[in-house]
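What follows is a single structure, written as structure tokens, with notes after it.
Derivation of every value follows stated rules applied to the coordinates shown; laboratory data play no part. Since we're looking at a predicted model, the values are computed, not measured. Glycine also receives a Cβ, built like all others from the backbone with ideal geometry; neighbour counts cover every protein chain displayed.
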Amino acid sequence: MTPSELHAAAIALEGRPAVEILRWAAERFPGRLAFATGFGVEGCVLVDLIARNEVDVDLFTLDTGLLFPATLELWKRLEERYGVVIRGVRPARTVEEQASIEGADLWDRDPDRCCLLRKVQPLRGALLGYDAWISSIRRDQTRDRAAAGAVEPDGKFGLVKVNPLAGWSAEEVWRYARQNGVPYNPLHDQGYPSIGCWPCTSPVAPGEDPRAGRWRGRAKKECGLHSKAAQTEV
Ligand code: SF4
């Protein structure tokens with residue numbers, strides 16, 4: 001798509017229902033559309049919408065080797081509930097191999113490099129062969145996400161990025177999940193509004209920013225996947 005076509009599509013799709021945005025993407029990029037879910041509640045809602053409406057999308061997740069056991073169980077539950085396959089995309093090295101080369105607990109010493117090796121590079125490889133990818137970001141999650149359109153160019157990966165939930169609030173996501181019985185990570189009910197790899201995720205106190213538990217104590221709040229800057233999230 002040319003930049004002007006993409007801009008026109010973003011305007012036309014702004015405020016439209018998420019399923020309409022998903023259908024538009026599947027029709028516009030047949031067989032070339034992927035969804036990388038990180039199994040947050042937004043991602044679970046999108047898996048529900050994709051499966052329920054039979055939208056043609058390849059599903060995958062970045063399996064860093066450092067996911068919570070509850071996240072791995074949710075992965076299975078979603079596949080069983082919706083009859084879909086969510087492909088696991090893994091880094092070039094296991095956690096142990098990474099430790100032998102980079103030293104133990106790289107996430108403590110250099111989380112940007114750890115995210116680069118375990119998330120950004122695998123995602124870059126997984127997106128080869130696609131023209132567009134769906135993300136589950138919402139505008140009110142972080143400053144980097146505040147300007148996200150329903151569709152937008154993703155220069156970092158050279159693709160079109162589709163954000164069907166960009167305009168949803170957290171309350172709208174949870175209402176949809178509860179009304180439709182969407183499986184979600186039980187850690188959300190234990191003080192974890194945002195869940196990533198276990199070494200970099202901690203519970204948040206009432207009133208804290210929902211992402212305060214990600215890379216706690218550091219300025220870092222994104223893996224780099226969705227930021228416009230040098231790094232990249234899920
Ligand atoms: S979230 Fe933490 S453990 Fe996971 S890839 Fe990034 S730095 Fe490494």
Quiz item: For the chain, what relative contact order do you get, as a whole percent, if you take Cα pairs closer than 8 Å and at least 6 residues apart?
Solution: 23
Quiz prompt | Residues in segment 136-180 reached by a label modelled at Arg32 [backbone nitrogen below 16 Å; 7 Å Cα→Cβ] | solution = 152-155, 157-162
Quiz prompt | Pairwise FRET efficiency - Arg113 versus Ala147, Cβ, R0 = 30 Å, nearest 0.05 | solution = 0.65
Quiz item: Given Cα pairs under 8 Å that are at least 6 residues apart, what percent is the relative contact order of segment 17-136?
Solution: 35
Exercise. Could you tell me, in Å, what Rg and Dmax come out for the Cα atoms of segment 53-128?
Key: 14.4, 46
Quiz item: Rg(Cα) of segment 1-144 divided by 2.2 N^0.38 Å?
Solution: 1.16
Quiz item: What's the exposure ranking of Thr37, Thr142, going from fewest to most Cβ atoms within 10 Å?
Solution: Thr142, Thr37
Quiz item: Counting pairs on different chains as well as pairs 8 or more places apart, how many Lys pairs in the chain have Cα atoms under 21 Å apart?
Solution: 12
